[in-house]
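Some notes on the structure that comes next.
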Amino acid sequence: MAPAIRTENLTKRFGDLTAVDALDLHVEEGEIFGFLGPNGAGKSTTINVLLDFLRPTEGRAEVLGYDTHRDPIAIRQRTGVLPEGFSVYDRLTAMEHVEYAIETKDATDAPRDLLSRVHLQEEAWERRAGEFSKGMTQRLALAMALVDDPDLLVLDEPSSGLDPTGIQEMRDIIREEAERGTTVFFSSHQLPQVEAVCDRVGIMREGSMAAVDTIDNLRDDVGGATTIELEVDPMPAVDALDLTAVDGVEHATGRGDAIEVTCSDPRAKVDVVKHVDAETTVTDIVSDETDLEELFNQYTSGDGVDRSDREQEAEVSA
Amino acid sequence: MENLTAIARRDFLDARRSKLVWGVFSLYGIIALLIFVGPTLVSETVNSFGIISIVSSVGLFLLPFIALVAGYLAIAGERESGTVNFLLGLPNTRKEVVLAKFLSRGGLMLAATMLVFVIGVVVAATQYSDPQLALFAPTLAFTALLVLVMVSVAVGISAMTRSRSSAMAGAVGFYFVTIPFNLIPSISIPGLIRYVTNDLLGMALEGDIFQFIQAAISPAMAYQQGLQVVTQRMYLNQYATDLRAEAKTSALERINDQAWYLAPEVMVASLLVWLVVPLAVGYWRFKDAELG
């Protein structure tokens with residue numbers, strides 16, 4: 001079966017600016033793929049090529065097995081899109097928007113079901129969308145994207161303008177869609193939501209893919225240290241515990257009634273807890289894995305991950 | 001193409017709820033009423049021929065203005081606001097978008113024009129001393145053609161531009177070059193051509209050629225030229241009972257003496273070209289335009 005999204009050597013230049021640089025992207029059918037990167041990394045440009053809003057300068061892109069430029073209608077018939085930088089029709093109601101999408105796709109959905117699924121409050125259904133807040137607009141756009149149970153959902157920054165509840169609901173909908181077999185491709189510069197739902201993520205940086213993998217593997221690659229914080233009573237002398245003797249522990253410090261231990265190997269955490277518990281009573285444990293944000297910064301800043309790029313920079317400066 | 005009606009219907013709905021559209025159409029209605037009803041208030045003897053010559057002179061300026069306002073944002077406005085991303089995220093082709101916009105804005109203009117003419121016919125039949133109702137038929141036909149042509153121009157310009165401001169610049173530019181400037185020989189395009197051919201090159205081309213150029217580059221002028229000839233002929237043949245036979249004949253001869261390329265049929269042909277070309281050029285530019 002064809003991958004849901006495939007680009008080969010996809011390059012998009014605007015004059016002198018290379019927004020997307022020889023991108024090879026593969027998104028498998030049925031997966032939830034998080035497309036990450038800071039603003040300006042080329043995420044929206046890539047999505048706009050997939051939607052045939054922009055034409056590739058070089059290379060090609062396929063969605064659901066169709067060429068994005070030759071068969072855009074076949075793609076859109078089976079794809080739900082939440083575009084970036086969109087606005088709704090100010091003078092049409094929420095209901096009219098959804099009906100519009102249903103009619104265009106020759107679908108049989110009930111507009112009310114879609115609007116309640118995205119949790120747009122019922123009082124708003126017959127109101128003109130021009131009066132909507134950003135969050136309501138975003139929900140309406142998602143309802144339109146869900147019309148006709150698409151095989152692929154392309155969501156460009158879906159959580160922008162949503163409050164935490166809205167973001168949670170958006171995540172739930174993404175998961176539900178994926179369970180029905182829908183491939184979900186969404187971009188974000190906000191990391192926590194990607195971490196929570198994605199099977200795989202791709203991190204864009206200056207028009208290229210800096211990394212593609214599962215969150216767990218990326219974390220391993222970066223080799224991020226894990227910290228564990230133990231609340232203890234009574235507080236022993238930390239040096240006397242000699243925690244650095246435990247395999248995989250880098251260092252340990254005491255802070256108030258807690259001991260903070262940094263482990264280079266996450267598996268050391270259990271040993272640390274046992275070791276401390278032998279000397280005193282552990283009242284609480286807080287384990288803090290490498291923050292995805294930190295991971296993301298490492299990839300996008302080019303520190304310590306992408307060696308070839310560093311070498312290039314060195315050449316330039318030399 | 002089955003999505004044409006879906007897009008056109010939503011666009012019609014959207015435009016119908018727009019204050020700007022209501023504003024310009026009210027202006028249209030008020031001016032039409034003034035033309036149709038006004039003369040009955042100041043004169044006992046009113047005939048449709050006189051009224052329709054006012055319609056063709058005022059319409060020359062007014063109809064293109066209203067049609068341009070009704071259409072210039074059709075696509076450029078959606079590109080600037082980002083609603084076009086919805087429209088093209090759904091399974092609509094760009095061709096469908098351009099044609100649907102033409103259908104909805106053209107339909108809007110046509111509906112308003114029909115309404116105005118129904119009022120005009122009713123007023124003429126009941127209030128005029130000399131209703132001459134048959135004259136309304138060619139007048140409506142020419143007016144309907146002109147408004148559709150100007151909507152095509154407006155939508156075409158809109159499809160070529162990416163922002164509201166450049167669409168407006170295009171529409172305003174088209175209006176001034178083809179209508180007011182076209183009437184002032186020193187700054188009109190036919191005037192400039194005449195300066196080159198006749199004054200610089202000494203070619204002594206006749207006036208009809210420049211009148212043709214004036215009409216060919218401007219749908220509004222073609223409308224006026226065509227409509228006036230048709231209604232004058234019709235009036236002289238059917239209604240001018242108070243004119244002596246020789247006067248009628250000489251008036252008809254004067255009309256028939258004009259070059260063949262100024263005939264109403266040629267003006268209609270020119271308008272039909274104007275109906276198609278702007279939409280085609282607009283689509284050709286929009287087809288490969290980069291959005292977002």
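The values are calculated or read from the model by the stated rules, or taken from the named source; none is laboratory data. Here the structure is a predicted model, which means the values were calculated and not measured. Here Cβ is always computed from backbone atoms with ideal geometry, including for glycine, and neighbour counts include all displayed protein chains. Side chains are part of the model used for accessible areas, which takes the heavy atoms of the whole protein and leaves out ligands, DNA and RNA. Shrake-Rupley method; radii C 1.70, N 1.55, O 1.52, S 1.80 Å.
Overview of results
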| item | result |
| --- | --- |
| Dmax and Rg, reported as Rg then Dmax, of the range B:138-292 (C-alpha, Å) | 18.8, 68 |
| Per principal axis, descending, Cα span of the protein assembly as shown in whole Å | 128, 60, 46 |
| On Cα atoms only, tilt of B:48-71 relative to the major axis of chain B in degrees | 10 |
| Of all accessible heavy-atom area on chain A, the percent that carbon and sulfur account for (1.4 Å) | 43 |
| Mean ellipticity per residue at 222 nm, deg cm²/dmol - from DSSP H runs of n ≥ 4 across chain B, formula -39500 (n - 2.57) | -25000 deg cm²/dmol |
| Positive minus negative residues near B:Arg194 (Lys, Arg vs Asp, Glu; Cβ under 13 Å) | -3 |
| Length-normalised contact order of the range A:5-220 in % [C-alpha pairs under 8 Å, at least 6 apart] | 29 |
| Minimum 40 Å² accessible area buried by the other protein chains, the range A:69-83 residues, probe 1.4 Å, relative to alone | A:Ile73, A:Arg76 |
| Label-point separation, B:Ala251 to A:Glu231 (7 Å along Cα→Cβ), nm | 10.4 |
| Exposure of A:His26 as accessible area (Å², to 10), given a probe of 1.4 Å and all protein chains | 80 |
| Accessible area per residue in Å² at 1.4 Å probe, computed on the range A:67-146 | 40 |
| Proximal charge balance of A:Phe33 [Cβ under 10 Å; K/R count +1, D/E count -1] | -2 |
| Rg/Rg_globular for the range A:81-224, with Rg_globular taken as 2.2 N^0.38 Å and Rg from C-alpha atoms | 1.12 |
| Label-point gap, in nm, between B:Gln258 and A:Arg128 - each point 7 angstrom along Cα→Cβ | 4.5 |
| D (Stokes-Einstein, µm²/s), Kirkwood Cα radius, chain A, 1.306 mPa s at 10 °C | 72 |
| Shape box of the range A:225-288 [Cα atoms, principal axes, largest first, Å] | 27, 21, 18 |
| Cubic angstrom per residue, convex hull over Cα atoms of the range B:168-212 | 65 |
| Complex-versus-alone comparison for the range B:250-292, residues with a loss of 50 Å² or more in accessible area, probe 1.4 Å | B:Glu290 |
| Low-density loop positions, trypsin sites (Lys or Arg not before Pro), the range A:95-157 - DSSP coil, at most 11 other Cβ in 10 Å | none |
| Chain B: Cα Rg divided by the 2.2 N^0.38 Å rule of thumb | 1.10 |
| Among the listed pairs A:Lys105/B:Lys101; B:Lys19/B:Lys287; A:Lys105/B:Lys287, those beyond 27 Å (Cα-Cα) | B:Lys19/B:Lys287 |
| Fraction of beta bridges assigned by DSSP in the range A:5-220 that are antiparallel (%, nearest 5) | 55 |
| Heavy-atom surface of the range B:163-206, accessible at 1.4 Å and reported per residue (Å²) | 61 |
| Cα long-axis angle, helix B:245-256 against chain B (0 to 90 degrees, to the nearest 10) | 30 |
| Evaluated over the range A:1-112, the Cα radius of gyration and Dmax, each in Å | 15.7, 47 |
| Protein heavy-atom accessible area occluded, A/B pair - total, 1.4 Å probe, Å² | 2900 |
| Accessible area per residue, Å², the range B:1-150 with all protein chains present, probe 1.4 Å | 38 |
| Threshold 50 Å², the range B:72-95 residues less accessible with all protein chains present than alone (1.4 Å probe) | B:Thr83, B:Asn85, B:Phe86, B:Gly89, B:Leu90, B:Pro91 |
| Accessible-area composition of the range B:181-240, carbon plus sulfur, in percent [1.4 Å probe] | 62 |
| Distance in nm between pseudo-label sites at A:Asn39 and B:Leu192 (7 Å out along the Cβ direction from Cα) | 4.4 |
| 3J(HN,Hα) from dihedral phi, the range A:245-252, Karplus parametrisation 6.51/-1.76/1.60, rounded to Hz, x for glycine, proline | 6, 6, 4, x, 9, 8, 7, 9 |
